[in-house]
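Since the structure comes first, as structure tokens, the remarks are kept for the end.
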Amino acid sequence: MKISELKIGQKADIEATVTDIDEPRTFVRFGRTLRVATATLKDDSGDVKLSLWNEDIDRVKVGDKISLKDGFVKEFQGEKQVTTGKLGKIEVLGKKEKTEKKEEK
């Protein structure tokens, strides 16, 4: 599925590249401390915000290609956004390639 095809209220299976990740926010809900960060995903059809929760924040980096399976499309603060929800999974398909050149000896 392409990002441009996402509709609010539907399940989402997409592959895209992470182009940005905001600083994580920490809050307490039902006595548990949780972390959330907003990332931006991009494919050849457009971009969309992604909610990264807890350990996913540490696994995903800018430049990574990811797959979101069984995600959910919602609206948050007037913008379309995808999240893993309760059943979704994020898989890192490819890590950002290092652009540093090794010095020759």
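The values are calculated or read from the model by the stated rules, or taken from the named source; none is laboratory data. As the structure is a prediction and not an experimental result, all values here were calculated from the model. Because the Cβ atoms are built from the backbone with ideal geometry, glycine has one as well, and the counts that use them run over all protein chains shown.
Remarks
- The lone exception for Lys96 - which of (1) of a type in the set (Lys, Arg); (2) assigned to a loop (DSSP other than H, G, I, E, B); (3) touching a strand residue (DSSP E or B) at 6+ places or on another chain (Cβ under 8 Å) it fails: (3)
- Subset of the range 11-54 (residues that are crowded, with 16+ Cβ neighbours inside 10 Å and small (Gly, Ala, Ser)): Ala12, Ala16, Ala37, Ala39, Ser51
- Candidates Val36, Val18 - the one that is farther than 20 Å from Lys86 by Cα and among the aliphatic types (A, V, I, L, M): Val18
- Candidate set from the range 63-87 (those that are outside any loop (DSSP other than H, G, I, E, B), polar (S, T, N, Q) and crowded, with 17+ Cβ neighbours inside 10 Å); member that is farthest from the chain's Cα centre (by Cα): Gln81
- Single residue of the range 1-56 satisfying the filter (of a type in the set (Lys, Arg) and part of a loop (DSSP other than H, G, I, E, B)) that is nearest to Lys74 (Cα to Cα): Lys7
- Residues within the range 72-105 that are at pLDDT below 80 and farther than 21 Å from Arg59 by Cα, tallied: 6
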